[in-house]
Structures are given as C-alpha cells and as structure tokens.
Amino acid sequence: MTISERIAITGATGQLGRLVIAELLRIAPAAHLIGIVRNASAAKDLAERGVELRTANYDDPDAIKAALAGADKVLLISSSEIGQRVRQHGNVIDAAKAAAVKLLAYTSILHADTSPLALAEEHRGTEALIRASGVPFVLLRNGWYTENYTGNVAAAIQHGAVLGAAGHGRISLAARADYAAAAAAVLASRETQAGRICELAGDNGYTLADYAAEISRQSGKPIVYKDLPEAEYKAALESIGLPEAFAALLADSDANAAKGALYDDSRQLSGLIGHPTTPMAHSVAAALAR
C-alpha cells in the first residue's frame, strides 16, 4: 500500500469502527486513515494515533460529501437507525460516487439477497443502491456477532436463564473483532476487491443452549436456555425496555435462526483474516471478566 492511499471509515467511533481502525493501523501503517465521526471530541484518541478526523453524519449529504473528498477507499459501516438506513446509506453512496473512490466496502448482513430476516430488507435496499451507483464495491455480509449475546451475560447469571426463540438452530457466531479484521484486510489489500461478495460467519455453529451451557461452565452458576415462541420472546424484550419495533426485529431474527438463517459453514471469514474465528468460549470469558 502506498502512503498516498486514503481510507475513510464511517462510524469511526463505534464499536466496529474503532476495531477496524486499530487493525488498519497495525497492518497498513503507511495508509492515511480518515475517521468520519459525529463528534470529534469523542475521538481524540484516534487523532492522537494519526487518524484524520472529519465531522459528518449520515443525515447530512453535504457534510458527507466534504468528508469523503479525496478518499481512495471508503468503509460504509451500516447505520444503527433502523428504518432510516437506506436513505442514510444512500447519502454516503452518493458522496463516494462524487469522490470517485476506487472501492466502497459495505457491512451488510449474511446472505442478504436470500435472508428471511426482517433486518435484511434495508441491507438489500442498500446493496441495490450501491450496484446502481456504478462505484466499485465489495460487500461484507457479516453474520451474527457473539457480542450480540455476551452483552447480556450478567443478566443470564442473575436470572439463571438465557431467553430466546432460536430453538435448536445453529448460529455461526464470530467476535466483532473478527469482522473488523476482515474489513481491514479487504481495505488494505493490494489485490483488486471490486465486485467481491464476502459471506462472513464464524467457523463454528452454536445453539443458544450451547451458549447457556458455556456461561454455566465458566461461571459455576446453573444457567439454562429457555426457548420461547417468537411473540413471547418479543414481549420479554419489551418488558426490559426495548422499543417495540426493535424487539420485533430481534425476535424475528431468533425465529429465523431456528430455521438456519444465521448458519454458514463456508469459513470465508477465517480464510480472509488468516486464522480461525474467535471461539464462543473466549468471548464468554471476556464478558465475564468485565
């Protein structure tokens, strides 16, 4: 990679964005990294590591265009604002086209084109906009992060149960850091990535019963998996404060995971990052250590 190559990362202060930047600093120290942030004061640590900060958000087309000016490659990390994402992503895609970037990488969802998950709809819409834009692209179709579950380890121990609606469905979990490493590898590659579609998922599939058993093993506490009908799981999520629409999406994801929608055994992720994906047991241990 030449020192003149400029790589812009949207959502740079988010959990995934920070990990991508850390990995790029490690594997591509000659690159000029541009962190697109909402609030530069929250990213002083990135600036101290040599990342150029540019302030913009997905809702401001002019600011995004200014922020991507001069970029050679862009990582579009999907917005967290469900229901607004196609419009927001469209602003970034338009800005990438205006900047004539060499590559636009987008964090989509596993098997976006065929996934039955309600969450996949906005990703399909975004992928369609990317294709129509004519911008060279790579689709990083990320599977489920182990942290989607380990963030609730303390609650599982407190209540002695993991709740879900995934039945016996196997979920190909990988750590967020694994997906970040994949994005960094694509962005730092000297080889042409344009047109590539990466179906990224963990090497191993786990059921939520496996997850509950692992928490129990490591914590020494009795933890069971309680499988619920989709509607009951949605209600349980709402009861702990999740908005109705978000609870519905999570319950839908679990229900479809029961049918195999979050399983993939292609091992493209470990192939891309050059090592096995993080075992669930390691992620559980990290969560328990916090």
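Derivation of every value follows stated rules applied to the coordinates shown; laboratory data play no part. If you're wondering where the values come from, they're calculated on a predicted model, not measured in any experiment. Counting neighbours? That spans all protein chains shown, and the Cβs are built from the backbone with ideal geometry, glycine included.
Here are some notes:
- Between the helical axis of 230-239 and the longest alpha-carbon principal axis of the chain there is an angle of about 80 degrees.
- Sequence of Ile273, Ile82, Ile215 once ranked by neighbouring C-beta atoms within 10 Å, starting from the fewest: Ile82, Ile273, Ile215
- Considering only beta bridges that DSSP places wholly inside the chain, some 5 percent are antiparallel.
- Each Lys and Arg Cβ is given +1 and each Asp and Glu Cβ -1; about its Cα centre, the chain then shows a dipole of about 660 debye.
- Along principal axes, Cα extents of the chain, largest first, whole Å: 55, 38, 33
- Measuring nothing but alpha carbons in segment 205-279 and taking Rh as the Kirkwood radius, the Rg to Rh ratio lands at 1.06.
- Spatially close Lys pairs in segment 6-142, defined by Cα atoms under 20 Å apart and a spacing of eight or more places or different chains, total 5.
- Using a cutoff of 8 angstrom between alpha carbon atoms and counting only pairs six or more residues apart, the relative contact order for the chain works out to 18 percent.
- Positive-end residue, segment 147-289 charge dipole about Cα centroid, Cβ charges, pick of His168, Tyr263, Ser219: Ser219
- Rg(Cα)/(2.2 N^0.38 Å) for segment 1-96, N = residue count: 1.01
- Size descriptor, Kirkwood hydrodynamic radius, that averages inverse alpha-carbon separations across segment 132-290, Å: 16.7
- A viscosity of 0.890 mPa s and a temperature of 25 °C, combined with the Kirkwood radius over C-alpha pairs in the Stokes-Einstein formula, give segment 72-158 a diffusion coefficient of 176 µm²/s.
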